[in-house]
1. Quickly run through the range B:171-183 and pick out the residues that are within 11 Å of residue B:83 (Cβ to Cβ) and out of contact with any Lys or Arg (no Cβ under 7 Å at 6 or more places or on another chain).
2. Here is a check on your reading of the model: is residue A:201 free of Cβ contacts under 8 Å to residues at least 40 places away in the same chain, within 25 Å of residue B:296 (Cα to Cα) and either assigned to a helix (DSSP H, G or I) or more than 8 Å from chain B (Cβ to nearest Cβ) (or both)?
3. Before we move on, is residue A:99 within 23 Å of the chain's Cα centre (by Cα) and surrounded by fewer than 17 Cβ atoms within 10 Å (Cβ to Cβ)?
4. Here are the criteria: (1) farther than 26 Å from residue A:43 by Cβ; (2) within 14 Å of chain B (Cβ to nearest Cβ); (3) among the aliphatic types (A, V, I, L, M). Tell me which single one residue A:100 does not satisfy.
5. Among the aliphatic types (A, V, I, L, M), farther than 30 Å from residue B:164 by Cβ and modelled with pLDDT under 60 - does that describe any residue in the range B:109-121?
6. Quick one: how many residues across the range B:258-292 are within 7 Å of chain A (Cβ to nearest Cβ) and either of a type in the set (Asp, Glu) or in contact with a Pro (Cβ under 8 Å, 6 or more places away or on another chain) (or both)?
7. Within the range A:158-205, how many residues turn out to be under 29 Å from the mean Cα position of the chain (by Cα) and loosely packed, with under 12 Cβ neighbours inside 10 Å?
8. With the checklist (1) of a type in the set (A, V, I, L, M); (2) buried (at least 17 other Cβ atoms within 10 Å of the Cβ); (3) more than 12 Å from every other protein chain (Cβ to nearest Cβ); (4) without any contact (Cβ under 8 Å) to a residue 12 or more places away in the chain in hand, flag the one item residue A:116 doesn't pass.
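The values are calculated or read from the model by the stated rules, or taken from the named source; none is laboratory data. Being a predicted model, the structure only gives us computed values, none of them experimental. Glycine gets a Cβ as well: all are built from the backbone with ideal geometry, and neighbour counts include every protein chain shown.
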Amino acid sequence: MAAATTTTQVFCLAVAEKTDSVVRILASEADLSSYSFFHRPAIAEFVNFFTKTVVERTPLGQRAKIEEKEFLGHVFIRPDGLAVVMITIATYPSRTAFSLLNRLAEEFSSKFPQKATWATMNPSTTATRYPELKLHLQKAQDPQSADPFMRVQKELDETKIVLHKTMESLLARGEKLDDLIVKSDQLSGASKAFYKTAKKTNSCCGM
Amino acid sequence: MTVKNRTVEFHSAVESILSRSGPGPAERQGLLSPSHGGPQTKSEFARASAGIGREINATVSKLQKLARLAKRKTLFDDRPVEINELIYIIKQDIAKINQQIAQLSAWMRKHGPNAAGGGGGGGGGGHGGAAAAVPNNKQIQEHSLHVITSLQSKLATTSNEFKNILEIRTENMKEQKTRRDQYSSFTGGAPVAGGGIMGGGGGAPGSSTDSPLYDPERRSTPTPYVNGQPPAGGEVVIDFGSAGVMNQQQQQLVPTNAAINMEIIESRSQAIESIEATIAELGQIYRNFAAMVASQREMVQRIDENVLDTEMNVEGAHNQLLKYYQNISSNRWLMIKVFAVLIVFFMMFVLMT
């Protein structure tokens, strides 16, 4: 169900809870469609392991960017122990990743404010308890649309292209108008001559 | 900023008044000598305050010199020894002046009433003299009070300026330090990082914050391997055991967090700047657009004029033709004339042959 516009750039999006270096994954969504069917379990295992390790290693209240093989893990651990991890390809813009992580953390904590509810969550219940995660994952596949800056920038660029085209057609219009001017000049001259001739014929009578 | 010490003037004015309104010089003497230090104390007071004024002047000039030195922002030609010396000297001067002013005011308080009392007692006989002396002493007291207040206020402004200069100096020093760090760490970053990895050990390389920019990618890479399979002939770091690596990891991640935050902030600011530039460009494009459309409006107006002209001409010509046609079709006289001429020619030809 990858709704990637180009390719899958984000492989996994996970929310975890870290209490005194004990890490428990609360929700996780993965998109491994770019790997062949038989590799998927191994990759999934690796992704899980990566998430856990990264959350373990990062101190509370910090962000970190870990690079490994062709993956890039962005992790943000809030001071209250809530950790969000995003595993993407190596060329994902980090600003987008971290702003997305921020928003995800806010959303999660607003949806499940009590730590007690966290205790009942584990990755398998994600689809039922926290379906928005999947949506976020899909949206994040295209960093252009996820990051508001990039979105605005893209729209501005499109507008600029449209304006350029308009300018070109405006120039063409200018040329045509020039043509029209010349032709109407000639027409006016011809009609004047016509008038003169008619007048002459009329006035100069007699044989 | 100079302390205008007019005690000498006042002194001479008082003397002239004394010499003018002169009842018994004896009383005068009586007046003056018990406050015996009268002229002497006065002149002593004058001397002391003059001295203080001079020192305040000197301190102010030193302070200006210090200000000039402290404002220099060059990275290398800074002369901290001189500046520190100057600061020390100025501090001492200010303290000394303060002390002197305090002494002077205490002395004046002690001796003032004495002078007044002495004057009153000595001039007991010369009532007028005493009456004349008391206001003099009171005036002297007031004057000395004023002098002391003005000296104190000058000293206060001087020390305020001194404080400002010190603040400026500390700011400059901080700036210089950061700039020095920038320059030195860019060159020292790479070799230090290299040495750090090679030298390894539990302690993180004591390099400045720039080395993490080089490091975290390389250092973070081994982490997932440590618990899994260590790569064959991998990084030297791994050989120091996971504990050492973890330590380094922790210490490397701490500066990495700051670096990441900076990265995020910088990329945001870049994005915003580019958006702003794009919007400005768009504005420019729209302006050009409007100018071109305005110029084309003129062309359209010309075309319009030409076409109207043409229409007028054609209309006129059409009317002429209509008139002509009417002429032709209605003027039988013309026709008759034409036929008459034809017939004349025909007759002529017939008659000829």
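1. B:173
2. So residue A:201 fails the test.
3. The answer is no for residue A:99.
4. (1)
5. Checked against the condition, which is being among the aliphatic types (A, V, I, L, M), farther than 30 Å from residue B:164 by Cβ and modelled with pLDDT under 60, the range B:109-121 yields at least one hit.
6. So the answer is 3.
7. Residues meeting the conditions: 5.
8. (2)
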